[in-house]
Every structure is written in structure tokens, then in C-alpha cells.
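This report concerns only the one structure given below.
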Amino acid sequence: MSSFRVLPGLPPYGETAMPVPPDWGHGAREGLVVEFRTDAGERWVGNFRPGLGGIDGVRLHPDGHNVIVVSAGAAWFVDPNRREVSELGDAIDGMWPVANPNGLVMSRQGLAFVRLGPAGRIWHTRRISFDGFQHVSLSSTEITGLAWAPWDPEWTPFRVDLRTGRVEGGSYNGPDLTQWEILATY
């Protein structure tokens with residue numbers, strides 16, 4: 001089974017770290033540096049370009065084999081065995097494990113949420129907030145919190161069904177111009 005760990009910086013010896021994306025990292029720039037070990041026991045290091053803001057984090061993908069890397073909000077899908085990386089999204093500012101099915105929920109740009117399961121994306125909410133969330137809490141069945149609005153009161157409650165991605169409340173109720181909403185159907 002492949003494994004991973006965050007390193008404190010670029011290794012001073014050994015194989016050069018793989019820049020992610022490939023055209024980034026030259027000129028001694030350093031992002032989030034992660035060491036991967038393949039199923040065959042080989043080690044390699046990725047140097048992940050930071051995004052424009054958000055969290056840093058590395059988690060096992062819900063499929064149990066691949067890895068999700070988030071570098072200052074820029075999210076990447078990594079297949080450690082093949083040394084393949086693809087971009088997942090940007091401005092990730094929160095990431096939580098969930099169950100039934102096992103997976104991850106990520107807050108995207110403080111505007112919406114996306115849920116990943118073993119087979120990939122399960123759902124993506126519509127835009128919920130004008131600009132940010134407060135007091136986000138996850139239970140076994142829902143996400144609750146407050147969404148920011150440019151009027152009084154500034155914070156509006158919302159609820160997201162963890163099974164389907166359906167949203168109730170929130171401060172943004174305009175058209176889904178981004179076409180983000182993809183609900184799970186059961």
C-alpha cells in the first residue's frame with residue numbers, strides 16, 4: 001500500500017522533486033513538499049505549487065489508494081504508483097472526513113461544498129454564500145453553518161444534506177451561473 005508524508009522542505013540530496021504542475025518549481029521555488037512511497041516501496045517527492053489561499057493538507061483519497069494534496073488551497077489528485085497528478089480544484093479552505101460512504105467533504109472558495117467518495121465526486125452544492133462560511137459543523141447526516149451576506153444580518157444559516165448535496169438556506173439564492181450544483185441521486 002502506498003503512503004505519504006509532508007516534508008519540512010525540499011530534500012537537499014537524492015532525486016529532484018517533481019514540480020506540480022510540471023512547469024512550476026524551477027528556480028528553487030518551494031510549495032508544499034510531499035514524499036510518496038509506492039506499493040513497490042519506491043520513494044519520490046512532489047513539490048506542489050501553492051494556490052491563492054486556503055488550507056494545506058494531505059489525505060488518503062476515499063478509494064484507499066490515491067492521495068489528495070491541498071497546497072494553500074490548490075487541490076491535486078495524486079496516483080503515487082504511477083507518479084501521475086491532476087488538478088482537482090482551487091481555493092479549498094476546509095476538508096473533513098465523512099462516512100457512509102467513506103469520503104471527504106471540501107469547502108470550495110467559501111462559497112460551496114463538494115463531496116468525494118471512492119469513485120470520485122458524489123455531489124457539488126450550488127453556491128451557498130456570497131463570501132465565506134462561519135461555524136461549519138458536520139454530523140453524520142448534514143453540514144450546518146453560517147453563510148456571509150452583504151446585508152444585515154451578515155450571517156445566514158444553511159444546511160447541506162450529506163447524502164445528496166441538497167442545500168437549504170444560505171445567503172446566496174441567485175441563479176446557478178457557475179452550474180456547480182450536481183446532486184447525488186439515490
Considering the range 147-167 alone, what residues qualify as being farther than 15 Å from residue 133 by Cβ and either among the acidic types (Asp, Glu) or surrounded by 20 or more Cβ atoms within 10 Å (Cβ to Cβ) (or both)? 152, 161, 162, 165
Count, please, the residues in the range 109-125 that happen to be more than 21 Å from residue 63 (Cα to Cα) and surrounded by fewer than 23 Cβ atoms within 10 Å (Cβ to Cβ). 2
Scope the range 79-94; condition crowded, with 19+ Cβ neighbours inside 10 Å and touching a residue at least 60 places away in the same chain (Cβ under 8 Å); matching residues: 80, 85
Looking at the range 17-43 only, could you name the residues that are in a loop (DSSP other than H, G, I, E, B) and surrounded by 16 or more Cβ atoms within 10 Å (Cβ to Cβ)? 17, 25, 31, 38
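Might you let me know whether the range 80-101 holds any residue that is closer than 20 Å to residue 37 by Cα, in contact with an Asp or Glu (Cβ under 6 Å, 6 or more places away or on another chain) and modelled with pLDDT of 95 or more? Talk me through it step by step, then tell me what you get.
Within the range 80-101, the subset closer than 20 Å to residue 37 by Cα is 80-86.
From what is left, the residues that are in contact with an Asp or Glu (Cβ under 6 Å, 6 or more places away or on another chain) are 81.
Filter again for modelled with pLDDT of 95 or more, leaving 81.
Taking every residue of the range 80-101 in turn, at least one turns out to be closer than 20 Å to residue 37 by Cα, in contact with an Asp or Glu (Cβ under 6 Å, 6 or more places away or on another chain) and modelled with pLDDT of 95 or more.
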Would you check if there is a residue in the range 158-168 being assigned to a strand (DSSP E or B) and in contact (Cβ under 8 Å) with a residue 60 or more places away in the chain? no
Considering each of 9, 51, 46, 14 in turn, give the residue that is in a loop (DSSP other than H, G, I, E, B), surrounded by 20 or more Cβ atoms within 10 Å (Cβ to Cβ) and outside the structural domain of residue 112 (by TED's automatic domain parsing). 51
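The values are calculated or read from the model by the stated rules, or taken from the named source; none is laboratory data. Note that this is a predicted model, so its numbers are computed, not measured. All Cβ positions, even for glycine, are placed from backbone atoms using ideal geometry, and neighbour counts span all protein chains on display.
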